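The values are calculated or read from the model by the stated rules, or taken from the named source; none is laboratory data. This is a predicted model, so every value here is computed, not measured. Here Cβ is always computed from backbone atoms with ideal geometry, including for glycine, and neighbour counts include all displayed protein chains. Accessible surface is based on the protein model in full, side chains and every heavy atom, while ligands, DNA and RNA are left aside. Shrake-Rupley method; radii C 1.70, N 1.55, O 1.52, S 1.80 Å.
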Amino acid sequence: MDRRQFAPATERNREPIFDALKGWLPSRGTVLEVASGSGEHAVFFAPKVKPLKWQPSNFDCEQINSVTDWRAYKPSDNLLPPVKLDVTDKNWPVESETYECPPITAIFNANMIHISPWQTCEGLMAGAGRILPRGGRLFLYGPFKFNGRHTAASNEKFESWLKSLYPGYGVRDIEAVLKEASKNDLRHLLARPMPANNFLHLFEKN
């Protein structure tokens, strides 16, 4: 049985995202992908970032299965088996003494904090602050508001749809995200505009 999921947006955005990532990735260690979704980003990025290792993760079991099957379909020797990760936990699996591929030197997260409660952003920043070494980097991709304003009418409509699913969802104001990052000793290095009214934000551990 093929348990792979398919996200059309991933095929469209994976190359622009990688172009933005590649100049900022560390030279060693493991990249933790928080909320890998279908796994399509993982199988595309991993072969391109060697000798770095790529660690996928998900909270949802069906998505973990999808990553597992994508990994079998497109194997790469630096693409690790997915781990189950709840970002709101105080300790993540990659912090365990039994985790086999430390250190985590970078974290990548795409399209999570707007389609989950605000606590996931808090958990993501807290985890990055705990786990990343000095100079380690967090890459955060998705739609954002600036000073409470959307960057496109389509994002405003998208947020209305998100809130119809759950009132706690929504396109996040970047100022609130930056405040949460600062609480966890993460400084904001850049905001790079991306296709389809998205941004890639780069943070670095002080």
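If r is the Cβ-Cβ distance from E122 to K50 and R0 is 41 Å, what FRET efficiency results, to the nearest 0.05?
Between E122 and K50 the formula returns 0.80.
In whole Å, how far is the Cα centre of segment 80-139 from that of segment 179-206?
After rounding, the separation between the Cα centres reads 15 Å.
Loop sites only, by DSSP: take the chymotrypsin sites (Phe, Trp or Tyr not before Pro) in the chain that have at most 16 other C-beta atoms within 10 Å and name the longest stretch containing none of them. Could the numbers behind the result be given before it?
Details: sites that count: F6, W24, Y99.
Answer - 100-206.
For S164 and T88 in one chain, what is 0.36 nm times their gap in residues minus the Cα-Cα distance, to one decimal in nm?
So the extension gain works out to 25.0 nm.
Lysines near K53 by alpha-carbon distance under 19 Å, same-chain residues fewer than 8 away left out - which ones?
K22, K74, K84
Check each of the trypsin sites (Lys or Arg not before Pro) in segment 1-52 and keep only those in coil by DSSP with at most 11 other C-beta atoms within 10 angstrom; list them in order.
Passing both the DSSP loop test and the Cβ count: K22, R28.
I'd like the trypsin sites (Lys or Arg not before Pro) in segment 63-126 restricted to DSSP loop residues with at most 16 other Cβ atoms within 10 Å, sorted by number.
Sparse-neighbourhood loop trypsin sites (Lys or Arg not before Pro): K90.
Subtracting the Cα-Cα distance from 0.36 nm times the residue separation, let me have the gained length for N206 to A7 in nm, one decimal.
Extra length from N206 to A7 when fully extended: 68.2 nm.
Rank H150, H201 by accessible area, highest first, at a 1.4 Å probe radius?
Descending order: H150, H201.
If the limit is 23 Å between Cα atoms, which of K183/K205; K48/K145; K145/K179 go over it?
K48/K145
So, taking all protein chains as they sit and a 1.4 Å probe, how much accessible area belongs to S154, in Å² rounded to tens?
Looks like 70 Å² after rounding.
Would you kindly state how much longer the chain becomes between F18 and I115 on full extension, computed as 0.36 nm times their sequence separation minus their alpha carbon distance, in nm to one decimal?
The span from F18 to I115 would gain 32.7 nm if fully extended.
Ignoring any ligand, DNA or RNA, what whole percent of the accessible area of segment 79-133 comes from carbon and sulfur when the probe is 1.4 angstrom? Before the final figure, lay out each step's value.
On the way: 1260 of 2350 Å².
The value for segment 79-133 is 53 percent carbon and sulfur by accessible area.
So if I place +1 on the C-beta of Lys and Arg and -1 on the C-beta of Asp and Glu, and nothing else carries charge, what would the dipole magnitude of segment 97-171 be about its Cα centre? I want it in debye, nearest 20. Walk me through the intermediate numbers first.
Details: 7 positive and 5 negative charges, 59 e Å.
Result for segment 97-171 is approximately 280 debye, rounded to the nearest 20.
So, with +1 on the Cβ of K and R and -1 on the Cβ of D and E, and no other charges, what is the size of the charge dipole of the chain about its Cα centre, to the nearest 20 debye?
Using only the charged Cβ atoms, the result is roughly 520 debye.
Please report, in Å, the Rg and the Dmax of the chain, where both are computed over Cα atoms only.
Every Cα atom of the chain included, Rg and Dmax give 16.0, 47 Å.
What nm value, rounded to one decimal, do you get for the distance between L190 and T98 when each label is placed 7 Å out toward the C-beta?
A separation of 4.0 nm, rounded to one decimal place.
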